[in-house]
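Contents: one structure, followed by commentary.
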Amino acid sequence: MAMTAGGVALGAGLISVVKVSAEFEDAIITAAAVTGKTGEAFDSAKEKISELAKHLGGTTVFTARQAANAFVALGRKGIDVSRLSVEQLQPIMDLAVGQNYDLEKSAQVLTQTMKSYGLEFSDVGRIADTFTVATTSSDATIQKLSHSMPIVAATAKAAGIPLEELVAVL
């Protein structure tokens with residue numbers, strides 16, 4: 001009976017590992033697909049994205065799957081993750097860690113704000129710093145900002161309200 005229970009537990013563990021691996025691979029394929037690349041360029045992008053996700057999974061508090069999911073969010077905002085470095089991704093990771101927030105959601109709120117304000121990916125650090133200052137010096141939270149920024153950022157930009165002022169008001 002103990003052998004059967006052990007076999008069932010081992011089987012369940014293997015199924016879990018296979019599921020996590022499949023979810024990781026699916027996220028990597030999706031992140032590469034949203035780059036719009038095809039053929040060899042797609043295969044190269046997929047390999048670079050996979051390597052970067054695995055590197056982050058092995059050297060940060062995030063798992064490779066969390067990184068891959070964040071890469072999908074970035075790709076959906078038009079960012080070619082296969083061209084990014086760990087240093088370029090650092091503001092997203094810092095915001096997630098500093099705010100105890102999901103990496104994918106951090107990528108979403110930062111890139112949504114970036115797009116709404118017509119900024120470049122190189123401005124993500126500035127946006128993350130602005131959010132951090134607001135959340136550490138007021139009652140604002142990253143969750144509140146992630147809900148309000150998509151609603152008001154484009155209008156605020158059109159009205160000429162600088163990002164820092166908008167975040168301070170929120």
Answer yes if at least one residue in the range 73-83 is of a type in the set (Ser, Thr, Tyr) and within 17 Å of Thr141 (Cβ to Cβ), and no otherwise.
no
Residue hits (the range 19-76; hydrophobic (A, V, I, L, M, F, W, C), open to solvent by 40 Å² or more (accessible area, probe 1.4 Å) and in a loop (DSSP other than H, G, I, E, B)) are Val34, Val61
Quick check on Leu95: is it open to solvent by less than 60 Å² (accessible area, probe 1.4 Å) and under 18 Å from Ala31 (Cα atoms)?
no
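The values are calculated or read from the model by the stated rules, or taken from the named source; none is laboratory data. Note that the coordinates shown come from a computational prediction; the quantities given were computed from them, not determined experimentally. Ideal geometry is used to build each Cβ from the backbone, glycine not excepted, and the neighbour counts take in all protein chains shown. Surface accessibility is based on the protein's heavy atoms, side chains included, excluding ligands, DNA and RNA. Shrake-Rupley method; radii C 1.70, N 1.55, O 1.52, S 1.80 Å.
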